[in-house]
Amino acid sequence: MKECMECGKNLGIIEGYRHPTIGRDYLLCRNCFDTIFESIEKYREFIAPYIGYFNKENSKINDIQKIGDNITKNIKKMQNRVNNLWLQKTPKNINDTIYPL
């Protein structure tokens, strides 16, 4: 037979509840389990609005997307500049070129 870890009440063979946070080695009677479970639920309700507060993964993903967008814009600008340089250097008409005789 085991005892309740909170109040010391003797537990039967089938009796005993696992502690919600500590685990199966920490057995509780029904009354102690209910009071501990209620306090844990109140704590969860209190903490729930702040769960994602320090999690910055979403902002990191957004930052990476912004960086990727900036890179693609810069590449397009560079491609346009190179195309403009090629257009300026190549003659528009073949007759515009001067060939030595």
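Every read-out reported here was derived from the displayed coordinates using simple, explicitly stated rules and does not represent laboratory data. Bear in mind that the values here come from a model prediction, so they are computed numbers and not experimental data. We place every Cβ from the backbone using ideal geometry, glycine too, and count neighbours over all the protein chains shown.
Results, tabulated for the structure shown:
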read-out	value
Relative frequency of Cα-Cα separations exceeding 15 Å in the stretch 2-50, percent	46
Mean Cβ neighbour count within 10 Å, used as a protection proxy, ranking 78-85, 32-39 highest first	32-39, 78-85
